[in-house]
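Derivation of every value follows stated rules applied to the coordinates shown; laboratory data play no part. Since we're looking at a predicted model, the values are computed, not measured. Virtual Cβ from ideal backbone geometry, glycine too; neighbours counted across all protein chains shown.
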Amino acid sequence: MTLRLAGSTVEQMPGDIERPAYDRSAMQTGVVHLGIGAFHRAHQAVVFDDLLGRGDMRWGVRAASLRSSATRDAMAPQDGLYSLVVRDGTEERVRVVGAVADVLVAPEGPAALVEALAAPETHIVTLTVTEKGYKLEPATGALIETDSDVVSDLADLRAPKTAPGFLVAALALRRERGLAPFTAISCDNLPENGRSLQAGVLAMAGRHDPALRDWIAEKGAFPQTMIDRIVPATDEEDIERLAATIGLLDRAMVKTEPFTQWVIEDRFAGERPDLEAAGVQVTADVAPWETAKLRLLNGAHSGIAYLGALAGIEFVDRFVAIGAGSAFIEALWDEAEAALTPPAELDIAAYRRALMARFANGTLGHRTRQIAMDGSQKLPQRLVASLVARQERGLASPMTSLAIAAWMRWQAGRCDDGTHYVVDDPLADRTAAAWIDAADPADAARRLLAIDAIFPPALAGSPAADEIAGWLGKLVRNGAAPSVAGAVGDQPS
């Protein structure tokens, strides 16, 4: 029987595997992280682990899951330790990360999480709760007041259920105890993620106590951020492969690529670590970085996800390995780039080359269906914003329209080969109804474009709307692969 990775067994690993060189018992927990999934463990936790390794013991992490106990159940037997597996071609590097002190499960003890957030040693709160976890309308940024958890938190914050609710409950307790607010750092792909998080928190706080809202607005900090690292889902084969390498079973492992980036606005409410020493870029203006990443990396990912999954292509690297697939991505980037104002430090041509190389990394096993989840929350900032920006310039956007049409086709719940699947999306009932009620693909496009949580009203009846409807018809008649080939000129569409 293979032993489990833990504090008592970590030294049994092969000597060439990096492991925490600091005394974990001396680690303070200056960070609380909401939404501990694979992405946090492959990104922000690694930064804090680097800081601990440099001797600043203030920045250990108390993590929390707002829903499931699965990550806690995987990490608790391992004393919070887990392996970071970095794959690039034939190379694989393993590192054990020790920054996570423990994992709370919010539904099991909401008061314990509020206390962790309100603790005097907590200076930073980071979040990776996915776009839907902020409970904000994608198109307007307002709280979704019809959401049952939001309704509960607006009525009573003694046992919060939402990320904004936990933050407000904890900030209220900090004010009551004479403590300064923490810095709340969204690490999700929201447009203007810091301002979006702040708006949700202030709206929640204002409904309970206008004075609390004003205190948070004056003294709190919600910096904008841009984060980038591809982190595919881990499967049982990954776990077995790692066990053969390190001689220990690790059920909390994560796999990722070599590339990692974190850009943070220089706006903090109190103590902060020397993030720059850990490779983080602290800047006065994150917006140009964020927009470039959302429209190039994330926009391409969404296009690949829906077109690839509809065509039965399981992995990102297999989509870009097809000539028409990589040509489509390049053409999509041409459209997005024309409506960007990138920061001076960002070489767009080099960034595009690096992105294509990252997409082609077959050792990651990045599944198209994983990216396809929660599309209604992602589409506005990844593809719709680019389409609208081009429309304002009088520019047609055939590749962007095709990618949006592929998302629409995905909502029908059936691949091109007839395989059925469940659409994993908060608005799945509404998008499914659009197809059920539609007379034809053009009517389905019209009904889907009318969902104002995703699409701006100005798009309806525009030339772009007609282009999207046209592509949707071709996807239904011909399938995704022929439509992509036709779009890039490999064959008639």
**Asked** Taking Cα centroids, how far is segment 21-60 from segment 185-212 in Å?
**Response** 25
**Complete:** FRET efficiency for A460 and A217 from the Cβ-Cβ distance with R0 = 22 Å, rounded to 0.05, comes out at 0.05
**Asked** Which of rounded, prolate, oblate describes segment 293-419, given a ≥ b ≥ c as roots of the alpha-carbon gyration tensor eigenvalues and a/c under 1.5 marking rounded, otherwise prolate only if a/b is larger than b/c?
**Response** oblate
**Prompt:** So, in nm, how far is label T90 from label A439 when the simple model puts each one 7 Å beyond its Cα toward the Cβ?
**Reply:** 6.1
**Prompt:** Got a sec? Which residues in segment 410-432 would a label at R67 touch, if it sits 7 Å along Cα→Cβ and we count backbone N under 14 Å?
**Reply:** 423-428
**Between segment 273-344 and segment 99-140, the alpha-carbon center distance in angstrom** = 28
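Fewest Cβ neighbours within 10 Å first, please rank E115, E240 accordingly.
Numbers: E115 15, E240 11.
Lowest count first: E240, E115.
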**Request:** Take Y134, Y306, Y421 and order them by how many other Cβ atoms sit within 10 Å, fewest up front.
**Result:** Y421, Y134, Y306
**Prompt:** How many lysine pairs does the chain hold where the Cα atoms are under 15 Å apart and the two sit 8 or more places apart or on different chains?
**Reply:** 5
**Request:** Mind checking which of L143, A112, A481 is farthest towards the positive end of the chain's charge dipole, using Cβ charges of +1 (Lys, Arg) and -1 (Asp, Glu) about the Cα centre?
**Result:** L143
**FRET E, pair D209, A139, Förster distance 25 Å, beta-carbon r, rounded to 0.05** = 0.35
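Treating the beta-carbon of each Lys and Arg as +1 and of each Asp and Glu as -1, no other charges, what is the dipole magnitude of the chain about its Cα centre, to the nearest 20 debye? Display every interim value, and only then the final one.
Details: 48 positive and 66 negative charges, 65 e Å.
Its charge dipole is roughly 320 debye.
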**Message:** Please compute the modelled spin-label separation between A450 and R369, points set 7 Å along Cα→Cβ, answer in nm with one decimal.
**Reply:** 3.2
**Request:** For each of H208, H420, H33, H366, count neighbouring Cβ atoms within 10 Å of the residue's Cβ, then give the residues from fewest to most.
**Result:** H420, H208, H366, H33
**Fill in**
Reduced to Cα centres, the span from segment 368-435 to segment 222-265 in Å works out to 27
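Where both residues lie in the chain, what percent of DSSP beta bridges are antiparallel, nearest 5?
Values: 15 of 41 bridges.
In the chain, approximately 35 percent of DSSP beta bridges are antiparallel ones.
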**Message:** Charges on Cβ only, +1 for Lys and Arg, -1 for Asp and Glu, centred on the Cα centroid of segment 172-264; of G178, G200, F222, which one is farthest towards the dipole's positive end?
**Reply:** G178
**Asked** What 222 nm value per residue comes from the helices of the chain, counting each DSSP H run with n ≥ 4 as -39,500 (n - 2.57) and dividing by all residues, nearest 500 deg cm²/dmol?
**Response** -12500 deg cm²/dmol
